[in-house]
Amino acid sequence: MTTRKVLITIFFTAAVVAAAAGDVPRFGARLALVEEARLGEAFASAAAKAERPMPWPAFANLRYRELKGRGKTREGDLGRDRDATIWLAVLDEEYRTTARLIFVEGGKLPGVPADRWISLRDFDDEIMPALMRAPMAFRDKRVEEEAGRLVARATALDGLSWRGLRLVPGPAAEGWKTLGPERPGWRYVVALNRAYVDGDAAAMREAAGRLARELTAQPGYPAPAKLKLEIYLEKFGVLKVGFFLYILSSLLFFLWAALGKKRLADAGAWAGFAGFFFVTAGLTGRSIVAGYLPTTGMYEYLALFSWASVLVFLLFYLKTRQAFLGTVVMPVAFLLIVLASLFPSTIEGQLIPALQSWWLTIHVTLACLGEGAFAVAFAAAVLYLFRGDKPSKYLPAKDALDVLEYRAIAVGFPLFTIGGLVAGAIWAQKAWSVWWSWDPKETASLVVFLVATAYLHARHVAGWRGRRAAILAALVFVSSVLTLFANLIFGGLHAYGL
Amino acid sequence: MKKVVDFLSSRRVSVYFFIIFLFVSLAGALVPQKELPAYYEAHYRPWAVTLLRALQLTDVYHAWYFVLLLTYLVASLATCTARRLPRALAPLVRRPSLPPSLDGLGLRAELGPAAKPERVEGAARRVAFRWRRIGDVLYGRRRPYALWGEILTHAGLVAILVGASFRLFGHRDTVFVFEGQGVALPLAYGAGYELRADKVEEVRDADTGRVLEYRTAVRLLRGGEEVATKDVEVNGPLRYGGLGVYQSNMDVAGASGLALDAVKLAAGESIADAGAATFDWTLGDERGAVTVAPGQTAPLGETGFRLRFLERYDHFVTDEAGFRNDNPEYNPAAFVNVVDPSGAVAMGIIFELYPEFSVIKSSAKAFAGHPLTIKLAPAAEEKTGPRREYVVVPGAEFVVSPGERMAVSFAGEGEGAGDAPLTARLARGNGGAETFTLPPGEWVAVKLAGGEYAFRFKGTGRAALTGLTVSRDPGLTVFYAGCLLLSLGVAAAMLLSYDELFVYVLGGKAYLAGRSSKGSRLLEPAFDGWAAKIKEGL
């Protein structure tokens, strides 16, 4: 072994690639080893200093990484680091277990024959565009053949010299695992080191290959059923179907308001409920895939808020068989979904530690249900304000609307108080050590509580009814919508990931 | 007194209060709170800055008028609660009485021709109320406890606000502790408290690699005795005696600090022996163990070979520049030279945890045919004493022994890591303190309560750092009680009502009248149903 020539420790990749070349279907395990190993001249000069040998520090912080597919390969999946060598797994958008492992070197290395490696530029210019633009090409034999050619070229280690290896010493980064004595394949790491010391490239390649095969076993692969569910949710756009049904429902209610035919109102209600069914299915599926209820992030909260509004409307309709509230509730639900669509809808694979508590479910769900009830109260209030005094075949009497508005607030108030404020404060004490810190979201929620309290006092103590009460009831809902923007605009402790 | 009570329970005053409170709360949300003066000067016009300061809007939640508003709120709530108490108690302690006029009640329905009292009673019992006779009237009621909803709600709010005011007497601090080290807590939390972070870790998902949890193995000591221990996580604080320890920050990658070694010297041991390492060697059929101090040479038994111990790294890691001693993981390695009888030198790096990676290389022929293995033995207490490594923040105190704290900083201004010595200040448990110098790389003997120790400054290092929030909130129990009362109260107040029914005879006809704490209109649908039921029974 010469100690002066450089060798990229993509021998891992090379080993995996070697295995791949011999048995491509095994790469269907969708594993990629992303490793950075590069030595520069400094290593050689350090060896020349003092009287110290340069052992292969494989034990130091050997890291490798698995990539689990959630669609197209993203920039973050690539282990780029300056001009380090990259290994990446290009994943089928359909979550097929077919994977292409493509070895790319970042830049040419001195002393290394050019035809042994694929430069990053070549890969970026020729291969990557084809793969990213035409994911269906994954099934194309030509791509497979091309990938096979790349693989074959990358596996040619003969004639390469080893100078030294570095395997990502340093702290853990997201997605990296530590390879230590307790993990399978450690004995191959030892063999790899011994082969390095002895200068035996063939032995190094063999050990690397065996190590790679050990590491390609995937104990934690997502269940096929879960992956399939995620695919179908995306493919069929269950939430989108619900959204369009909300639009249809709103249109039917508007037609009912214009033409007065009761059947239009009923049709609008049933379209809304069909939309509710799809939205429920979409949110349920999302919960199963994510592993937690859709209570984090603006997209999920707005979708849940919309869902809760229609739920309360549905319960009211089932009790009274009167659909008039849908004239306002369904457009509100539709607008909330529109708002939701402005935010990223990616499912977070893992909640951040601060959100890993069952208080999240209690706090957000109850607050959402409360706000959904406020939305129904808003609908009753708006209808009251726009309803004339004459008898109407479209709408019940003002008295009835007034009672309905109160009942909705009476349902929403305890839900919001217990869920939004009390549960939120208790959780804040556990997570942040202080149960109230005047965070913008907390302050905005307090405003909602105060407005709702003012409404209830105005009714019970001051005897407010009718127009004044309706305006206040509408303000309750408006203030609860404004809480959504508290952290968007002002940041604060609730602004996770914003 | 009556004027005060009237003022506190005045609707008009409460409306004004509400409006002011609303605007003040919104102002607190719109204006960034408790920022440095330079922040406001940079972001607001001069007249706006003057206005913000004059109105105390930069720290509105501690402004005198906000405290006044809260005080009014507590007093008003307490007054309203007290005023409602008799009404809530009445159904429970007094015999029910009839309203002046049953005909005047908002809800009234004709049941039909008057029937015998027994028949009427039997029909009335079809409705699930508690019935009794008051004179000629059959009186039924349900859920008298619903009146307590308002009481509990107001009482809960009062308790929460009182709990908040108790917080003014509490404390809250964030302390940063390097892994394996401890810090003394301020006296405000109680005398003699020390917090140790035995292990600092990020727990990651095996599949995605994302962080599942930030966890610190915390030990709480008081007067040197362990009183509580817990793996503190983000939603899992340690609680002991009113003290709470919460996970708030973490830097597992390692924050930089000044690295010190500390070794306890055994009786009779000198500084020169500090940091000695023991090597178990095997050369052919010969084997043995040798203890060597850094920079010293020792023979390997009678073999004629000698071992020279150059240096020890406890956190060995390499990169393209060579090797460093800042691996976040513990990875002890000893640099050695092995000299054969002819004087040929072989270089070696010996790893304690990974002996299979130890390397001794030499091209000298003398080593051919001499299979030599050397293992680095873990530091043995009886030989070299327990060895501790500290990575500390310059100037910050760290615990070196129960009751004794040390702080180190560079001796001169503007000096950085490298050749500059450190000044160490040792604070004793008895209140005394002493200062000494730590030249880089040299051992200095220090007498501590637990014995004699040797300290050595070895440059900069990295260690995992955890940020823990420590708090003592005297009002927390009251707050939790308030939450319980508020939750029960709003649920009862909003979802329940105290309803009364009256069955009476007038002009040969039986009537049903009713009233509710929520008002007649809300009871109407249910009332119609009850009337129909009773009618059926007649």
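The values are calculated or read from the model by the stated rules, or taken from the named source; none is laboratory data. Fair warning: this is a prediction, and the values are worked out from it, not measured in the lab. Positions of Cβ are backbone-derived with ideal geometry, glycine not excepted, and every protein chain shown enters the neighbour counts. Just the protein is used for accessible areas: all its heavy atoms, side chains included, with ligands, DNA and RNA removed. Shrake-Rupley method; radii C 1.70, N 1.55, O 1.52, S 1.80 Å.
Things worth noting here:
- Inter-label distance, B:Thr291 to A:Lys393: 10.6 nm, where each label sits 7 Å from its Cα along the C-beta direction.
- For segment B:458-538, convex hull of alpha carbons as volume per residue, Å³: 187 Å³
- Burial order of peptide ranges A:373-386, B:492-505 (average beta-carbon count within 10 Å, highest first): A:373-386, B:492-505
- Carbon and sulfur %, accessible surface of chain B computed with the full protein complex present, 1.4 Å: 56 percent
- Cβ-Cβ FRET estimate between B:Ala191 and B:Ala266, R0 fixed at 41 Å, reported to 0.05: 0.80
- Shielding by partners, peptide A:396-405 (average Cβ within 10 angstrom, other chains): 1
- Taking amide H as placed 1.01 Å from N in the peptide plane, B:Ala396 has its amide H under 5 Å from the amide H of B:Val408, each at least 5 places away in sequence or on another chain.
- A simple rule links phi to the HN-Hα coupling: the Karplus curve 6.51 cos²θ - 1.76 cosθ + 1.60 with θ = phi - 60°, which for segment A:440-448 gives x, 5, 5, 5, 4, 5, 5, 4, 4 Hz, with x for Gly and Pro.
- Solvent-accessible area lost in complex, 30 Å² minimum, residues of segment B:1-25 relative to chain alone, 1.4 Å: B:Arg11, B:Phe18, B:Phe21, B:Leu22, B:Ser25
- With the largest listed first and rounded to whole Å, the semi-axes of the equivalent ellipsoid of chain B from the Cα gyration tensor are 80, 30, 20.
- Taking amide H as placed 1.01 Å from N in the peptide plane, the amide H of A:Trp464 sits under 5 Å from that of A:Arg459, each at least 5 places away or on another chain.
- For a label point 7 Å along the Cα-to-beta-carbon line of A:Thr361, residues of segment B:479-506 with backbone N under 18 Å: none
- Mean per-residue shielding of peptide B:184-190 is 0, counting Cβ atoms of other chains within 10 Å of each Cβ.
- Solvent-accessible heavy-atom area per residue, rounded to whole Å², over segment A:230-350 at 1.4 Å: 45 Å²
- Listed residue pairs exceeding 22 Å between alpha carbons, taken from A:Lys262/A:Lys319; A:Lys261/A:Lys398; A:Lys398/B:Lys535; A:Lys262/A:Lys398; B:Lys264/B:Lys458: A:Lys398/B:Lys535
- Descending semi-axes in whole angstrom, ellipsoid equivalent of segment B:84-200, from the Cα gyration tensor: 64, 17, 11
- Per-residue ellipticity at 222 nm from helix content only, as computed over chain B with -39500 (n - 2.57) for each DSSP H run of at least four residues, stands at -8500 deg cm²/dmol.
- Peptides A:299-311, A:269-281, B:513-525, B:224-236 ordered by average Cβ neighbours within 10 Å, highest first: A:299-311, A:269-281, B:513-525, B:224-236
- Accessible surface, segment A:360-498, averaged per residue in Å² (probe 1.4 Å): 36 Å²
- Chains B and A together bury roughly 6900 Å² of accessible area, counting both sides, with a 1.4 Å probe on protein heavy atoms only.
- Per residue, the solvent-accessible area of segment B:21-142 (1.4 Å probe, heavy atoms of protein chains only, all protein chains present) comes to 61 Å².
- Here the Karplus relation 6.51 cos²θ - 1.76 cosθ + 1.60, evaluated at θ = phi - 60°, turns the backbone of segment B:121-138 into coupling constants of 5, x, 5, 5, 5, 5, 9, 6, 10, 8, 9, 7, 9, 10, x, 8, 9, 8 Hz, with x for every Gly and Pro.
- Here, segment A:333-413 yields an orientationally averaged convex hull projection of 7.4 nm² when only Cα atoms define the hull.
- Burial order of peptide ranges A:329-335, B:306-312 (average beta-carbon count within 10 Å, highest first): A:329-335, B:306-312
- The relative contact order of segment A:284-385, computed from alpha carbon pairs under 8 Å that lie at least 6 residues apart in sequence, is 42 percent.
- Stokes-Einstein translational diffusion, segment A:279-429 - Kirkwood Rh over all Cα pairs, 1.567 mPa s, 4 °C, in µm²/s: 79 µm²/s
- The slack in the chain from A:Phe254 to A:Leu315, taken as 0.36 nm per residue of separation less the alpha-carbon distance, amounts to 19.8 nm.
- Remark: mean inter-chain Cβ contacts per residue of B:28-40 equal 2, using a 10 Å Cβ-Cβ cutoff to other protein chain atoms.
- Label point 7 Å beyond Cα of B:Lys116 along Cβ direction - residues of segment B:125-150 with amide nitrogen under 17 Å: B:125
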